[in-house]
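To start, the structure under review is shown below, and the notes come after it.
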C-alpha cells in the first residue's frame, strides 16, 4: 500500500457530507474517502451587502451551523455552496422556466464566475475556503435555451445550467480554472484541505 492509499484508507476522521447534491456526492466518492451523507436543509438567504465569494462562504458556514447533531473531534462535516456571479450580480437557482430563461439569456455570450465556498467543521475546529472558475458562454440561441429548460432539470443548479449536461456541452467555449468547481466541488482544493485538517 503506498502512502497516498494508506492516507485515504486510514484517514483518521469520519467524514460527513451535508449536501443534497448528487454531483457533490459523486465527486467526493471519486476522491476515495468513505463518508456518510446527511443532507442539511438550511435557509439560503444572505445579507444583501455580501459580494461574490463572501456569499458562498457565508452560506457554506450557515449550512454547517444548521447541522443538527453534535460533532465529535473525530468527525468532519463538509458543507458547500456554489454561486454564479455575473456583472456584479448573483445568480442562484431559477424558480421556474421564465426565471431560468432570463438567467441564461443574461449569461449568453459573456464570461461569468462560479464560486464554491466550503466549510470543514469538527467538534473542535473549523476552516473555510473557496475556489473560483471563469466560464465563457457562446451566444446562445433562444431555441437552444428553451430546448434545454424544457428537456433537462436545471432548477437545482446555480445559474440555471449544469456544466456536465447538454447546455454545458454545446454552450461553453472555455473554462479557466477547475471544471469540478463549476460542478459544485473543487476536489483538488478539498483534498488538500482534508489532508491539512
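Rule-based calculations on the coordinates, nothing more; no lab input. This structure is a prediction, so every number in the text was calculated from the model and none was measured. Cβ coordinates were reconstructed from backbone atoms using ideal geometry, including for glycine residues, and neighbour counts include every protein chain displayed.
Overview of results
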quantity: Helix 187-196 vs. the chain, principal-axis angle (Cα, 0 to 90°, nearest 10); calculated: 20
quantity: Globularity index of the chain, i.e. its alpha-carbon radius of gyration over 2.2 N^0.38 Å; calculated: 1.06
quantity: Highest-MSF residue in the chain out of 159, 177, 32 [GNM, Cα springs under 10 Å]; calculated: 32
quantity: Extent along principal axes [Cα atoms of region 23-94; Å; largest to smallest]; calculated: 40, 27, 20
quantity: Cα-Cα pairs of region 1-65 separated by more than 17 Å (percent); calculated: 55
quantity: On Cα atoms only, tilt of 142-151 relative to the major axis of the chain in degrees; calculated: 50
quantity: Nearest 10 degrees, 0 to 90: helix 97-107 Cα axis against the chain principal axis; calculated: 90
quantity: Distance (nanometres) between label positions extended 7 Å along Cα→Cβ at residue 98 and residue 143; calculated: 2.5
quantity: Cβ-Cβ FRET estimate between residue 51 and residue 111, R0 fixed at 25 Å, reported to 0.05; calculated: 0.90
quantity: Average Cα contact separation per residue, the chain, under 8 Å, 6 or more apart, as relative contact order %; calculated: 21
quantity: Whole-Å distance, taken between Cα centres, linking region 156-197 and region 12-55; calculated: 13
